1. Please give the contour-minus-distance gain from B:Thr243 to B:Val91: 0.36 nm per residue of separation, less the Cα-Cα distance, rounded to one decimal in nm.
2. From the square roots a ≥ b ≥ c of the eigenvalues of the alpha-carbon gyration tensor of the protein assembly as shown, which class results: rounded (a/c under 1.5), prolate (a/b over b/c), or oblate?
3. For segment B:171-197 and segment A:186-220, what is the separation of their C-alpha centers, rounded to whole Å?
4. Let's test the formula: R0 of 22 Å, r as the Cβ-Cβ distance of B:Ala5 and B:Ile234. What FRET efficiency results, to the nearest 0.05?
5. Quickly work out the A:Thr124-to-B:His35 label distance, labels modelled 7 Å from Cα along the C-beta direction, and quote it in nm with one decimal.
6. Would you mind finding the longest exposed-site-free stretch of chain A, with exposed GluC sites (Glu not before Pro) meaning DSSP loop and at most 10 other Cβ atoms within 10 Å?
7. Can you work out the FRET efficiency for the pair B:Ala161 and B:Arg68, with r the C-beta to C-beta distance and R0 = 25 Å, to the nearest 0.05?
8. Which value, in debye to the nearest 20, gives the size of the charge dipole of the protein assembly as shown about its Cα centre, when Lys and Arg are +1 and Asp and Glu are -1 at the Cβ?
Amino acid sequence: MRFTTTPFIAALAICVVAATSCSTSAPTGDVVVFAASSLTAAFTEMGTAFNAATPDAHITFNFAGSADLVTQLTEGAPADLFVSADDSNMKKVTDAELNAGAPLSIAKNTFAIIVGKGNPKGITTVADLAKPGLVVVLCAETVPCGKGAARILANAAVTITPKSLEDKVKGVVSKVTSGEADAGIVFVTDVKAAGDTAQGVDIPADLNVISNYPIVVTKQSQNAHAAQAFIDFVASAAGRAILAKYGFLAP
Amino acid sequence: MLALAVVAISFFALPLIGLIWRAPWSKAWAYLSDHAAVTALRLSLQTSLWATALSVLFGVPLAWLLARTQFPGRSAVRALCTLSMVLPPVVGGVALFFALGRRGLIGQWIYRWFDYQLPFTTAAVVVAQTFVAMPFLVITVEAALRQLDTAPEDAARTLGASRWYGFRRVTLPAIRPALVAGAVLSWARALGEFGATITFAGNYPGTTQTMPLAVYLARETNPEQAIVLSLLMIAISFAVLVTLRDRWFGNRRDTAVLS
């Protein structure tokens, strides 16, 4: 008897942690998560915590720009879950009917200006980005951080000529942390992730843009049960705490 | 043998056929005449030709040094100068930052004295392309110089030709096929360069957005345009490779007669 009760208790524990309905069997097998690049640090920790809580299931990640992930999904890349850094890339997936069930919002993110350590150019506002001689890099408008940056600049009625349009948010971060660029617009969480190699300048709420992070199980998933268990974990208090630690806002 | 060779041919042909199969032919012209595509193509051709010219200018003397002189640590120098062939291009781009960027080893002085920042300029694209492309010229030309009989060159020298004159009039014509092959390889590598370019030079239409960068970004928003642009790049490269290949064979006959 003792042999059979152990998995049952483990499954029960997960159901309690997740605080949602779930079947009595514990999640098992591999779950592949396609997640937006801005989630890299937070979800890596999330995966470790989930793997520890559910030893029979194993999470692996593919982090890339949301648009890139959508392309991979439409070409048939094997994923059980997809997390986008905005609604428009999630819409592409739901429009193509690659999802199983409705997307669930797991977090929100806002934007900040990223500058070099010590803010050597003295940037305090969005309008400062238009200062002559300043080297500004932004994300291309194909990725969520680029869309957000464009809207913020429009909200502030500021026109700038960036030196580069990066294909992912980490490209902007690295150009600023390496000192080649003076400033860029990135997610608040990216500034936090850059640690003491860079610092952030707040963008006021009336100019800022809020990006939503929806997650969904893919239609092709062979392990929807474990995939759903991961979603439940992300949405649990433990999952929320990890996201908050990396600067994400509650959904 | 033949069966394996056919497998090899299919291996290269199938992805190309895949592209042709998925290409939206009815919209091809619209995508190609798109202003952004034309700009990227022009920039790619300009920068890759510059990179080829620089590779020849500096690569031929380097190949000569490696093939014809003896000095301690020559193998180490050769390995160093061909390292960028095996280096992941993105790493190459980061390394170029550390050398030539605004905070780089040399770049910081250039920035301080001349207020000039190389990254984010078209020149940076050429530097990134030359960095990854030149080794292809160096190893091709070095191999040719090693195989070449030095007797005609020595004869020219005994007849009073200067070292440079002998090299220019005797050695260079003899290794011309290898020089052309090396230059074409460098050019092809420069044309397709992506990683070092986006890392070191950034991506901005008109200044640093070359065809591979435009294709990569188009892939995310407009996969159809990405396919059409890729096919254009392939067509250009294919035309050049086929044309020059024929010329090498012609030249190879000349060489045989010469030696």
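1. Using 0.36 nm per residue and subtracting the Cα-Cα distance, I get 51.4 nm.
2. Since a/c reaches 1.5 and a/b is larger than b/c, the shape of the protein assembly as shown is classed as prolate.
3. 44 Å
4. Working: r = 22 Å, r/R0 = 0.98.
Efficiency computed from Cβ-Cβ geometry: 0.50.
5. 3.8 nm
6. Within chain A, the longest run free of exposed GluC sites (Glu not before Pro) spans A:98-251.
7. 0.95
8. That gives a dipole near 1560 debye.
The values are calculated or read from the model by the stated rules, or taken from the named source; none is laboratory data. For clarity, every value in this text was computed on a predicted model and none was experimentally measured. FYI the Cβ positions are ideal-geometry reconstructions off the backbone, even for glycines, and counts take in every protein chain you see. For accessibility, only protein heavy atoms count, side chains too; no ligands or nucleic acids. Shrake-Rupley method; radii C 1.70, N 1.55, O 1.52, S 1.80 Å.
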